[in-house]
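Before any comments, here is the structure.
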Amino acid sequence: MPAFTAPLRTLMGPGPSDVSPRVLAALAQPTIGHLDPEFIRLMDETKVLLQYAFQTKNQMTFPVSAPGSAGMECALVNLLEPGDKAVVCVNGVFGGRMRDIVGRIGGTAIVVEDTWGTPVDPQKVEDALKQNPSAKVLAWVQAETSTGAESDSATLAKLGHAHGCLLVTDTVTALGGTPLKVDEWGLDAVYSGTQKCLSCVPGLSPVTFSERALDAVKKRKTPCVSWFLDISLLMGYWSGENRRAYHHTAPINANYALHEALTILREEGLENSWARHRKHHLALRAGVEALGLSFVVAEAHRLPQLNSISIPAGVDEAAVRKTLLNEHGIEIGAGLGSMAGKIWRIGVMGHSARQENILKVVGALETVLRAMGQKLDAGAATAAVRKAYGS
Ligand SMILES: *Cc1c(COP(=O)(O)O)cnc(C)c1O
């Protein structure tokens, strides 16, 4: 069997995003031991870099050695015990995943449902919190990648605090792409992913736990249902002044990559990164609208990094994605769940949020849609993108 050679792609879907050459180079360095003092130094630096990315002073800030879904599970299994109640906001796939995890822990999920493509409605959350004064946790997804809608974490956090809840926030797609202020908003257990706006390889889940969350963990009556994700065991590995006890073997090279991706974010600056995502989103929007396509999410709640676009009548959406991939080397995303077959999801994340990528995806979409018989003026969409860039 020949060696596997990965094709070159332009990743403009819901993640992974394009990984920068600097991150790939970091990944390819020699593997060292996970208790090597140099690796421990890398772990310490990664913690500081993550504190910056999350805007927190939380000591318990580190990457879980598994993808974003493991970060989600880590937050919930540590804060909830069987019999506990959690108010879970569901306005897309990932809110639904949180609800399922609460159920598997043996907790009760009080579900606040909102239509896919809209943000979580704070009024409904307040009503649910009033009706369930014993709820221990309020959980929501800031950036719903399945729809492209952003929920207002600052407002939801205020409501959760007013009702004495611990706050669990999914920031997998939010981190690095859109404002996120863990300490200012008082979030308690926050998890993210590496392959969205950080543009790192998939497989790690940065998390951060507040002192309030760690106090709640100490007061548990039952042990955490997961051994691997038990924060009280992980604490000995990721903190504890160079007294790192063996817990598991961290994915060494993936951690090199994360350190480099976070260094790139710090060099650019968070505010600049948020502004860059917005700038390229606006250019994409100009192109999408020139193609006669419309956004699923109302402008005020649109995530710059995840653009859900309605599929025009008479277009075979899967054939478009296939042609984009096979002939143009571009990946865009399909709809998930109730939005399957109805939308495309174009990611503008991290290293993919660049002018050349926006021009490429809009130009290719124009070519493919025209070839499929859509009445579009050749070059009009890319001209609209150039105009949005002022060039
Ligand atoms: C991608 C994603 C996840 C899951 O991350 P994986 O790394 O795929 O496990 C969770 N929540 C949101 C909002 C996501 O976009």
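Report, in whole Å, the centroid distance computed from the Cα atoms of region 206-246 and region 54-80.
Between the Cα centre of region 206-246 and that of region 54-80, the gap is 10 Å.
With both bridge residues required to lie in the chain, what share of the DSSP beta bridges run antiparallel, to the nearest 5%?
If we restrict to bridges inside the chain, about 50 percent are antiparallel.
Hey, what's region 270-388 come to in accessible area per residue, 1.4 Å probe, Å²?
I get 43 Å² per residue for region 270-388.
Restricting to DSSP H runs of at least four residues, report the calculated mean residue ellipticity at 222 nm for the chain, -39500 (n - 2.57) per run over all residues, nearest 500 deg cm²/dmol.
That comes out to -13000 deg cm²/dmol.
Counting only protein heavy atoms, what percent of the accessible surface of region 20-266 is carbon or sulfur at a 1.4 Å probe?
55 percent
Glu113 to Ala371: extension gain in nm, 0.36 nm per residue of separation minus the Cα-Cα distance?
88.9 nm
Can you classify the chain as rounded, prolate or oblate using the Cα gyration tensor, where a ≥ b ≥ c are the square roots of its eigenvalues, rounded means a/c under 1.5, and otherwise it's prolate if a/b beats b/c and oblate if not?
oblate
Among residues other than Pro30 whose Cβ falls under 14 Å from its Cβ, what is the net charge (Lys/Arg +1, Asp/Glu -1)?
Residues near Pro30 contribute -2 overall.
How much FRET efficiency would the formula 1/(1 + (r/R0)^6) give for Ala162 and Ser69, where r is the Cβ-Cβ distance and R0 is 35 Å, rounded to 0.05?
About 0.75, to the nearest 0.05.
Which whole-percent values make up P(r) of region 298-391 when all C-alpha to C-alpha distances are grouped in 10 Å steps starting at zero?
P(r) for region 298-391, in whole percents per bin: 14, 47, 35, 3.
Taking a 25 Å limit on the Cα-Cα distance, which of the listed pairs Lys136/Lys218; Lys136/Lys342; Lys85/Lys219; Lys360/Lys387; Lys196/Lys219 fall beyond it?
The pairs that break the limit, which is 25 Å between Cα atoms, are Lys136/Lys342; Lys196/Lys219.
Let's test the formula: R0 of 30 Å, r as the Cβ-Cβ distance of Leu282 and Ala25. What FRET efficiency results, to the nearest 0.05?
It comes to 0.45.
Report the residue, chosen from Ala139, Ala250, Ala378, that carries the largest GNM mean-square fluctuation when the chain is represented by alpha-carbon nodes joined by springs under 10 Å.
Ala378
Checking the a/c ratio against 1.5 first, then a/b against b/c, what shape does the Cα gyration tensor give for region 88-232?
rounded
The values are calculated or read from the model by the stated rules, or taken from the named source; none is laboratory data. None of these values were measured; they are calculated from a predicted model. Glycine also receives a Cβ, built like all others from the backbone with ideal geometry; neighbour counts cover every protein chain displayed. Heads up: the accessible areas ignore ligands, DNA and RNA and are worked out on the full protein's heavy atoms, side chains in. Shrake-Rupley method; radii C 1.70, N 1.55, O 1.52, S 1.80 Å.
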